[in-house]
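First comes the structure, then the notes that go with it.
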Amino acid sequence: MIGLIYLRNMKRVLFYTQNRWAFGSIHHGLCKELYKHDIYANVLDWTVSYTDDEFRCLNRVYDIFVTNPEAVEHLFRHYKIPLNKIVTIAHAQWDILLAKQNATFDFYPELKGFGVISQVLKDKCNEWQISRTPDIVELGLHFDTFYEPPSKG
């Protein structure tokens, strides 16, 4: 019972992203790191179809949904996730251009957060007249987590 009360008080984050290859392993590793900081995080694979009822439940459980720009409108329109619960991170120019090409409205001002992984992408957002200046959220490795001493043989 104490565990359930503790979990209820934690911030809850859902990464709505690809769950394979490096993207999946990076996000699962991030979930473990976030848990150490009292943030319950999980990964939901966007290659799987979900029912409206499943997303209604997810919306009640999770405080923040993290995804890439091209998935924002789908989360909002189809699954009814409020924009002020969505954080989007662009990892490449392609992410921003696809969202810009396919979006039917300007969702950036209403998002909980908008980030890019480099100054180059931040500059591109300005060049392409994206309505909100993104924060830079650099990617990196937690060295202590992955360190192994060199072999001696």
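The values are calculated or read from the model by the stated rules, or taken from the named source; none is laboratory data. Please read these numbers as outputs of a predicted model, since none were measured by experiment. We place every Cβ from the backbone using ideal geometry, glycine too, and count neighbours over all the protein chains shown. Only protein heavy atoms, including side chains, enter the accessible area calculation; ligands, DNA and RNA are left aside. Shrake-Rupley method; radii C 1.70, N 1.55, O 1.52, S 1.80 Å.
In this simple spin-label model, placing a label point 7 Å from the Cα along the Cα-to-Cβ direction at both residue 80 and residue 10 gives a separation of 2.8 nm.
Full extension of the chain between residue 48 and residue 36 yields a length gain of 1.5 nm, computed as 0.36 nm times the residue separation minus the alpha carbon distance. Within the accessible surface of the chain, defined with a 1.4 Å probe on protein heavy atoms only, the carbon and sulfur portion equals 56 percent. Could you give the distance between the Cα centres of the range 28-53 and the range 108-132, to the whole Å? Rounded to whole Å, the Cα centres lie 24 Å apart. In the elastic network of the chain, a GNM with C-alpha springs shorter than 10 Å, the most mobile of 72, 120, 87 is 120.
Accessible area per residue for the chain is 65 Å², calculated with a 1.4 Å probe on protein heavy atoms, without ligands, DNA or RNA.
Computed with a 1.4 Å probe over protein heavy atoms only, the accessible area of residue 123 comes to about 80 Å². With both labels modelled 7 Å from their Cα along Cα-to-Cβ, the residue 18 to residue 94 distance reads 0.7 nm. Annotation note: trypsin sites (Lys or Arg not before Pro) in the range 49-128 located in DSSP loop regions with a Cβ neighbour count of at most 12 within 10 Å are 80. Note on the chain: lysine pairs with Cα distance below 27 Å, sequence gap of 8 or more or different chains, count 20.
Take residue 138: with every protein chain present and a 1.4 Å probe, its accessible area is about 150 Å².
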